[in-house]
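So the structure is just underneath, and the comments pick up after that.
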Amino acid sequence: MSSIEVTGKFYPTGRSQCLPVTVLMTASEGLRIVNQSNELVAKTDVSQIQVAEKLASVPREISLYEQGLVVVDSTHAVDTWLASNSLQNKVSRLESSKFTVLLCAVLVPVFLFAFFKYLIPGSAILFADYVPESLVSIASKHTLSALDNSILSDTSIDEETQNSYQDMWHDVISKIDVPTQFDIQFRQSDTMGANAFALPNGTIVITDELVELIGDNHDLLTAILLHEIGHVEHKHSMRLISEALATSIAVNYFFADLGGLVEFFAGVSNTVVQNQFSQKLEWEADNYALSKLDELGMDRESFAKAMQKLAETLPKESKLTLLLQSHPSMQSRIDNARDKHLD
Amino acid sequence: MDNKNYQNFSFNELLNARQSLSSEASPQEIADLEAIINGHPNNPSNQISSNTTPVSRTVPVQFFGKTGEFFSIWIVNLLLTIVTLGIYSAWATVRNNRYFYSNTEIDGHRFAYLAEPIQILKGRIIGLLLFGSYFLAASFSPFAAVIIMLVLLVAYPLLICMSLRFKMRMTAYRNVRFNFNGKYGRAFVVFILLPVMSIFTLYLALPWVMKKVDEFIYDNITFGDKKLSTKLETGEYFIAGLGAAFIGIAIFALASFGLGFSFADLAPTEEGNAFTLTYALFMLTYVAVILISSSFYAARIRNHLFNNSVIDDVSEFTSEISVAQLIWLRSSNFMAIVLSLGFAMPWVKIRTARLYASVTHVTVLAGADSVLTKDSQSSSAIGEEVANAFDIDVAIG
């Protein structure tokens, strides 16, 4: 390797001073830095220099141990000399090849899609299995008590009616084969209206409003209960938590520091992605309920009817609002119950 | 010691020699050495007189970044980040930042970004672990969530200080690092106490609080041994803040007249499609309000901040960005990102940096050559990364 001579700027350590210099890069003697009066300002062995990795066409920054910083233009000769005397950066080569850049532009969307569509939900299922029972139980208790202190009030259904429902459900649960101990409770809630929800430890809460809406038909209420049991059996709460965590971290790092409006847009896409997960889980719970109805020798139509009744209490849906909702559209759930047959 | 030896010394070696001469050395020897130092061609005072540099000059901020170049860097590093499940993101951050710092030039000298990827990776892992435990604890128990929120509230000013400190320490110009010296106590006052108290003034005092925040951030920045100082005016913050609020309200009022919707329409209606249309119009108005109001505020305050900041004897700044420029920049950036599904990101970042550079001028003063570096303990990336994980960010103009 022959020696090269280039002009550059030398910043001696310790102050903001800058000297116009000539930099001699030699094979045997390392770096020699000479000022305009042809005096040696600094010299160093190649082992005493630290070079910032090559980055596109930005000037090369070479730190001379305890002496200063020298900056020279990134020419081919300079880059070659620096590459042979320090670790060349492979990433810079990838960045300067048209082929790899094009390849990356194709692969990034493909990988991102696969990441959100398969990797995150897949690892969420794994994660859900590793959450200890005690934690699930604490989480459920805390959530219920927080809800009791906010939007839920005591039920106004009399004890006798409650007991008759409990007996019926106990009968249903004993027929389907599930390991979880279920605890079904009634609550009144203006905020939630006709609704039911399951906590991961097997506590299922049914609102007075729901009982009022479909309570006269026990089969409908049982269909809803089976849907909630589906959520518990498939550990949906834990999967949703881990999916939400993974998504928000991924969105934060892949689309970090976008600033203002774009960040708002990233927030919306985060919501859309998470709602896709959540809708997928609702489908799982629906199909669980439908297959259990078959097992019990009950009619799938009960589920369809229950959804129909619920749909009447809700505002009409549109395609846009569907993106912003955690549940699939009622109509598609009704269609699913009526059309789908077990393979 | 023989004086002849000194003739072969480099300027730095001479300075070192002068420092190591004890007071017992003969006065003659000291005088001789000082004479050599004073006459040395590398002595800054000789540099200034030998060059015909004017004492003070106003120069533009130049940005040399190119969209094509940065696109290549961005997309390759994004792919590497994805396939390494995020681990490479620390290296990607350094390369992206270096591209912008090293392509920004003032008065013939470029900025440098000095962070080490490993340093960022460590901070990022700690940040993610903290965020993950926060997220899980909050998901498992609403009560834990409340407690963590309180802890975060107390930690928030600390994270901001650490984050600013890291950002400044990693920035160098002319081989001299910036630094940030803000302390927790004052940060707690300006970031937590004053904003909470402004609620009791129905947010009317908020512009004054914003001024206090900016003073805290900028007055604590140093460049080597020199301090940045600002002379900000409360009046300007009130004009910017109240102006932005007024513009926002005016647009909402106009939109509800012109487009014929009211907030009552946002409640669910029986007709699904009408709901969607109203919703879309509302979102559009909302975006317009954020865009125009925030641009009005940001442009005015940036100009005010730059025009009233000086680094003593080193530099003064001018910024003359117009509200219209900023609105156009932000709205076209937003459209480009959405329509290109994110692929326009590099273009957006480059043109943003180019615009900000083009509206900024720096007056270089006589002492710019003689800023001394100031040693301070190195700064870790932990605060910065924890702040990022929790989406706490303080932008510096």
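The values are calculated or read from the model by the stated rules, or taken from the named source; none is laboratory data. In this text the structure is predicted, and so the values were computed from the model without any measurement. Backbone-built Cβ (ideal geometry, glycine too); neighbour counts: all protein chains shown. Only protein heavy atoms, including side chains, enter the accessible area calculation; ligands, DNA and RNA are left aside. Shrake-Rupley method; radii C 1.70, N 1.55, O 1.52, S 1.80 Å.
Based on the alpha-carbon gyration tensor of the range A:59-138 and its eigenvalue square roots a ≥ b ≥ c, which shape applies: rounded if a/c is under 1.5, prolate if not and a/b is larger than b/c, or oblate? Let's see the in-between values first.
Numbers: a/c = 5.23, a/b = 2.11, b/c = 2.48.
Cα axes put the range A:59-138 in the oblate bin.
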Practice prompt. Write out the GluC sites (Glu not before Pro) in the range A:42-87 meeting two conditions: DSSP loop, and at most 11 other Cβ atoms within 10 Å of their Cβ.
Written response: A:Glu66
Discussion item. Summing both sides, how much accessible area is buried between A and B? Use a 1.4 Å probe and give Å² to the nearest 100.
Written reply: 6300 Å²
Fill in: Residues in the range B:57-77 that, when all protein chains are in place, have 30 Å² or more less accessible area than the chain alone would give (probe 1.4 Å)
B:Glu69, B:Ser72, B:Ile73, B:Ile75, B:Val76
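Is the C-alpha gyration tensor of the range B:193-252 telling us rounded, prolate or oblate? Criteria: a/c under 1.5 is rounded; beyond that, a/b larger than b/c is prolate, otherwise oblate.
prolate
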Worksheet item: Nearest-5 percent of antiparallel DSSP beta bridges in the protein assembly as shown?
Response: 95 percent
Item to complete: Just the ratio, please: alpha-carbon radius of gyration of the protein assembly as shown over 2.2 N^0.38 Å, N its number of residues.
Response: 1.21
Worksheet item: With all protein chains present and a 1.4 Å probe, how do B:Leu33, A:Leu119, B:Leu128 order by accessible area, largest first?
Response: A:Leu119, B:Leu128, B:Leu33
Response to the item:
A student applying the Cα gyration tensor rule (rounded when a/c is under 1.5; otherwise prolate if a/b is larger than b/c, oblate if not) would label the range B:107-254 oblate
Item to complete: Report the antiparallel proportion of the DSSP beta bridges in the range A:102-239 as a percent, rounded to a multiple of 5.
Response: 50 percent
Worksheet, complete the sentence: Taking placed amide H atoms and a strict 5 Å upper bound, the residues 5 or more places from B:Phe317 or on another chain that come that close are B:Ser309, B:Thr363
Worksheet item: How big is the accessible area of B:Val362 in square angstrom, nearest 10, if you roll a 1.4 angstrom probe over the protein chains?
Response: 10 Å²
Discussion item. How far apart, in nanometres, would the label points at B:Val59 and A:Val272 be if each is projected 7 angstrom from Cα along the Cα-to-Cβ direction?
Written reply: 4.6 nm
Item to complete: May I ask you to give the percent of accessible area on the protein assembly as shown that is carbon plus sulfur, with a probe radius of 1.4 Å?
Response: 61 percent
Fill in: Per-residue ³J(HN,Hα) for the range B:140-152, Karplus 6.51 cos²θ - 1.76 cosθ + 1.60, θ = phi - 60°, Hz, x for Gly and Pro
7, 8, x, 6, 4, 4, 5, 4, 5, 4, 5, 4, 4
Discussion item. Give me a comma-separated list of calculated 3J(HN,Hα) values for the range B:96-113, in order, Karplus coefficients 6.51, -1.76, 1.60 applied at θ = phi - 60°, integers in Hz, x for any Gly or Pro.
Written reply: 4, 5, 4, 4, 6, 5, 6, 9, 9, 10, 10, 6, x, 10, 9, 6, 9, 9
Item to complete: First measure r as the distance between the Cβ atoms of A:Glu212 and B:Thr67, then evaluate 1/(1 + (r/R0)^6) with R0 = 56 Å and state the FRET efficiency to the nearest 0.05.
Response: 0.35
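Can you list which of the trypsin sites (Lys or Arg not before Pro) found in the range B:51-134 are DSSP loop residues with at most 16 other C-beta atoms within 10 Å?
Details: sites: B:Arg57, B:Lys66, B:Arg95, B:Arg98, B:Arg110, B:Lys122, B:Arg124; in loops: B:Lys66.
In loop regions of the range B:51-134 (DSSP not H, G, I, E or B), the sparsely surrounded trypsin sites (Lys or Arg not before Pro) are B:Lys66.
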Worksheet entry | Across A:Lys43/B:Lys226; B:Lys167/B:Lys226; B:Lys66/B:Lys227; A:Lys117/A:Lys280; A:Lys117/A:Lys292; A:Lys9/A:Lys54, pairs whose alpha-carbon gap is larger than 22 Å | A:Lys43/B:Lys226; B:Lys66/B:Lys227; A:Lys117/A:Lys292
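Would you rank A:Asp154, A:Asp167, A:Asp335 by solvent-accessible area, highest first, keeping every protein chain in place and using a 1.4 Å probe?
From most exposed to least exposed: A:Asp154, A:Asp167, A:Asp335.
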Discussion item. Just to be sure I understand the rule: take each whole DSSP H helix in chain A, project its Cα atoms onto its long axis, keep it if the span is 30 Å or more and its mean Kyte-Doolittle hydropathy is at least 1.6. Which ones pass?
Written reply: none
Item to complete: Could you please report the charge total around B:Asn175, scoring K, R as +1 and D, E as -1 over all other residues with beta-carbon less than 10 angstrom from its beta-carbon?
Response: +3
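For chain A, what does the helix formula give at 222 nm: sum of -39500 (n - 2.57) over DSSP H segments with n ≥ 4, over the residue count, nearest 500 deg cm²/dmol?
-17500 deg cm²/dmol
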Worksheet item: For A:Leu296, what accessible area in Å² do you get when you roll a 1.4 Å probe over the heavy atoms of the protein chains, rounding to the nearest 10?
Response: 40 Å²
